[in-house]
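**Q** Structure provided below as C-alpha cells; questions to follow.
We did not get these values from a lab; they are worked out from the coordinates using the rules stated. Not measured: the values here are computed from a predicted model. Cβ atoms come from the backbone with ideal geometry, glycine included; neighbour counts cover every protein chain shown.
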Amino acid sequence: MEHKYLDKIKNLEGPPKKVNIFSNEEIEMMRELYEILPERKYNKKQNVRKKGWQQNYNKELDKIYFSKLTEALGDFKMDNLKSESGVDLYGLFHESFHPLPIHVDSGFNPEDIIYKQVVTPLTPIGDTIFFKKRWYGRSTTFTVDPEELKFIPKVDQNDRSNKHLGGKEFDKEIHKKYLSHLDINNLKGMEIEFIYEWKVGESLIVDRSHIHCASTRIKNKKLGLTTFTKK
C-alpha cells in the first residue's frame, strides 16, 4: 500500500517542532486521566501498556486538549482509532518498560492524507530517535528477523518490512550510546535526523512519515501521550 494523495501529504510536511502548549497543571491532569482510563492493550512482547484517550472521562481536559492542538496544528482530524462506541480517541497513552522498536505511524488507510503526530512526554527520562528515511506505505515495524517478516497483520496492526535497509553501515558509536537494544544490522543504511530528548511540559510535532524508535534510555518506565492526525 502507498498513500493515494502523496503530493498533498508531502506538501504538508516540515521539520520537527518543539512547542510548549500545556501547563504543568494540564500535564498533571493528563497523568491523572491515564490512571483512570481502561487499559486498551498490554503488549507483553514489547513490554508496553497502552490506553486510548476516551472522551468524557474529563470533559474540561478534552476541550483544553483539542483547543490547544488546533492552535498548534491548524485544521485537522483525529486519526487514533475509535472507542468501542465509535467515537474518536484523542490519543494513545503508552507506558513503556522497554524501548519501542523501529516503526512508522503512517496509518492504515491509503485514502487518508496523513498529517502530524504530537508526542507529549509525561515523564522526564527518554528519547525518541527520528531517522532521515520516510515511509509512505502502511504503518510498519521494521525488522531483519526472518520469523517476524512472516507476520500477517490484522486491520489495525503494523506490517513488517525490511525495505528500510540500505548499504551503508550504521554508526557504531551512536548505536552504543542510543540504540544498543537494537540489532545494528537492522539499522544498515539508516541515518539519524533528530534526537528528541523528552522534557515534561513540552510537546513534539512531527510528520507521520518519519521512521523512528525509542532510545535505550529508560528509568524503570516512561509514560507519554501520542496523538495522530490527518487532513
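**Q** Return the long-range amide H neighbours of LEU100 (sequence gap of 5 or more, or a different chain), with a cut-off of under 5 Å between placed amide H atoms.
**A** The list, which skips near neighbours in sequence, is ALA214.
**Q** Through the Karplus equation 6.51 cos²θ - 1.76 cosθ + 1.60, θ set to phi - 60°, convert the phi angles of region 140-155 into ³J(HN,Hα) values in whole Hz; use x for Gly and Pro.
**A** Rounded to whole hertz, the list is 9, 9, 9, 8, 10, 6, x, 5, 4, 5, 7, 4, 10, x, 7, 4.
**Q** What ranking do 214-227, 174-187 get when scored by the average of other Cβ atoms within 10 Å per residue, highest first?
**A** On the way: 214-227: 18.7, 174-187: 16.6.
Sorting 214-227, 174-187 by mean packing, highest first, produces 214-227, 174-187.
**Q** Which of the trypsin sites (Lys or Arg not before Pro) found in region 134-172 are loop residues per DSSP with 16 or fewer other Cβ atoms within 10 Å of their Cβ?
**A** Working: sites: ARG134, ARG138, LYS150, LYS154, ARG160, LYS163, LYS168, LYS172; in loops: ARG138, LYS154, LYS163, LYS168.
Counting only loop positions with at most 16 other Cβ atoms within 10 Å, the trypsin sites (Lys or Arg not before Pro) in region 134-172 are LYS154, LYS163, LYS168.
**Q** Further, regarding this structure: Would you calculate, for the chain, the mean residue ellipticity at 222 nm contributed by helices, counting each DSSP H stretch of 4 or more residues as -39,500 (n - 2.57) and dividing by all residues, to the nearest 500?
**A** Numbers: 4 runs with 41 residues, N = 231.
One gets -5500 deg cm²/dmol as the mean residue ellipticity at 222 nm.
**Q** Give the average over all directions of the projected area of the C-alpha convex hull of region 12-131, one decimal, in nm². Kindly include the intermediate steps, with their values, before the conclusion.
**A** On the way: hull surface 33.8 nm².
Computed as one quarter of the Cα hull surface, the answer is 8.5 nm².
**Q** In whole angstrom, how long is each semi-axis of the equivalent ellipsoid of region 85-130, when you take the square root of 5 times every eigenvalue of its Cα gyration tensor and sort them from largest down?
**A** Details: eigenvalues 107, 48, 23 Å².
Those come to 23, 15, 11 Å.
**Q** Return the distance in nm (one decimal) between the two label points of a simple spin-label model at ILE195 and GLU32, each offset 7 Å from Cα along Cα→Cβ.
**A** My value for the distance between the label points is 3.6 nm.
**Q** List the GluC sites (Glu not before Pro) in region 5-85 that DSSP assigns to loop (not H, G, I, E or B) and whose Cβ has at most 15 other Cβ atoms within 10 Å. Which are they? Provide the component values of the computation, followed by the final result.
**A** Numbers: sites: GLU13, GLU25, GLU26, GLU28, GLU32, GLU35, GLU39, GLU60, GLU71, GLU84; in loops: GLU13, GLU39, GLU84.
Sites meeting the loop and neighbour criteria: GLU13, GLU39, GLU84.
**Q** Can you tell me what the convex hull of the Cα atoms of region 6-227 projects to on average, as an area in nm²? Before the final figure, lay out the partial values.
**A** Values: hull surface 48.6 nm².
Averaged projected area of region 6-227's Cα convex hull equals 12.1 nm².
**Q** May I pose another question? Mind checking region 128-231 for GluC sites (Glu not before Pro) that DSSP puts in a loop (not H, G, I, E or B) and that have at most 13 other Cβ atoms within 10 Å? Could the numbers behind the result be given before it?
**A** Values: sites: GLU147, GLU148, GLU169, GLU173, GLU191, GLU193, GLU197, GLU202; in loops: GLU147, GLU169, GLU191, GLU202.
The qualifying sites are GLU147, GLU169, GLU191.
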